[in-house]
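What follows is a single structure, written as structure tokens, with notes after it.
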Amino acid sequence: DAGVTQSPTHLIKTRGQQVTLRCSPKSGHDTVSWYQQALGQGPQFIFQYYEEEERQRGNFPDRFSGHQFPNYSSELNVNALLLGDSALYLCASSFVQGGTNYGYTFGSGTRLTVV
Amino acid sequence: AQSVTQPDIHITVSEGASLELRCNYSYGATPYLFWYVQSPGQGLQLLLKYFSGDTLVQGIKGFEAEFKRSQSSFNLRKPSVHWSDAAEYFCAVGNSGGYQKVTFGTGTKLQVIP
């Protein structure tokens, strides 16, 4: 059973560019959340998608946007990259049953370096 | 707003010794609580979770955690640490309900010495 798959694993972008990160959730999961983890820090919640809509959002600027597709996979887009956007971006999937979320499964992340 | 405090940034223990990692949370209702472990450059692996019921939760790799509502704590324990347990450990709190936002602590880095 495949877990959460993220691509690419690493990438380097130049300040001001745009980037798209991709995530395929674990089989049976319908909710995708994105986290940013700066070096030496805990993961920070960016946003969560369910039924192709953004359901919750953390304290991140509009430069961060996302999308969820009918097959539950998701993309994270970051525009006008800043040096401070360099981080490990983690995707987590989960499923909701009877109004209860049964916890996240995390991917291995995409390491984004902005130069 | 929900939050998590992990007061110990770095802990060193000898292999075979017992371990306790501290976690305090802030949340208005009954929280969902988690402990995750992260090896360098890797994603997070769920060690255990508490949703309701028995306040002593057993997890993978011999870890356990105890939910203490009166102390707003969810400390992680292991009776005998192995060198392979060296990693960073994150405590997290989630709101109840379907659209769950999980908030992480800043982590505790565990070093295991021979």
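Things to note:
- Verdict on residue A:84 being part of a strand (DSSP E or B), more than 10 Å from every other protein chain (Cβ to nearest Cβ), within 29 Å of residue B:6 (Cβ to Cβ) and open to solvent by 10 Å² or more (accessible area, probe 1.4 Å): no
- Residue within the stretch A:87-94 that is assigned to a loop (DSSP other than H, G, I, E, B) and of a type outside the set (D, E, K, R) present: no
- Filter result (outside any loop (DSSP other than H, G, I, E, B), open to solvent by 30 Å² or more (accessible area, probe 1.4 Å) and among the β-branched types (Val, Ile, Thr)) within the stretch B:47-102: B:60
- For the stretch A:29-55, a residue qualifies if it is surrounded by fewer than 13 Cβ atoms within 10 Å (Cβ to Cβ), in a loop (DSSP other than H, G, I, E, B) and within 13 Å of chain B (Cβ to nearest Cβ), and the qualifying residues are A:39, A:40, A:51.
- Lone unmet requirement of (1) at pLDDT below 90; (2) touching a Pro at 6+ places or on another chain (Cβ under 7 Å) for residue B:93: (1)
- When residue A:92 is tested against (1) among the small types (Gly, Ala, Ser); (2) at positive phi; (3) within 13 Å of the chain's Cα centre (by Cα), just one condition goes unmet, and that condition is (2).
Residue-by-condition table, conditions (1) without any contact (Cβ under 8 Å) to a residue 60 or more places away in the chain; (2) touching a strand residue (DSSP E or B) at 6+ places or on another chain (Cβ under 6 Å); (3) within 13 Å of another protein chain (Cβ to nearest Cβ); (4) not β-branched (Val, Ile, Thr):
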position	(1), (2), (3), (4)
B:21	no, yes, no, yes
B:24	yes, yes, no, yes
B:27	no, yes, no, yes
B:47	yes, yes, yes, yes
B:66	yes, yes, no, yes
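- Lone unmet requirement of (1) part of a strand (DSSP E or B); (2) more than 10 Å from the chain's Cα centre (by Cα); (3) within 14 Å of chain B (Cβ to nearest Cβ) for residue A:26: (1)
- When A:95, A:69 are checked against the criterion of being of a type in the set (Phe, Trp, Tyr) and within 13 Å of chain B (Cβ to nearest Cβ), a single residue qualifies: A:95.
- Test: residue in the stretch B:30-43 that is of a type outside the set (D, E, K, R), under 17 Å from residue A:92 (Cα atoms), touching a residue at least 24 places away in the same chain (Cβ under 8 Å) and touching an Asp or Glu at 6+ places or on another chain (Cβ under 6 Å): yes
The values are calculated or read from the model by the stated rules, or taken from the named source; none is laboratory data. Everything numeric here is computed off the predicted structure, so don't read it as measured data. Neighbour counts are summed over all protein chains in view; Cβ atoms, including those assigned to glycine, are modelled from backbone coordinates with ideal geometry. Areas reflect the complete protein model, heavy atoms only, side chains present, ligands, DNA and RNA absent. Shrake-Rupley method; radii C 1.70, N 1.55, O 1.52, S 1.80 Å.
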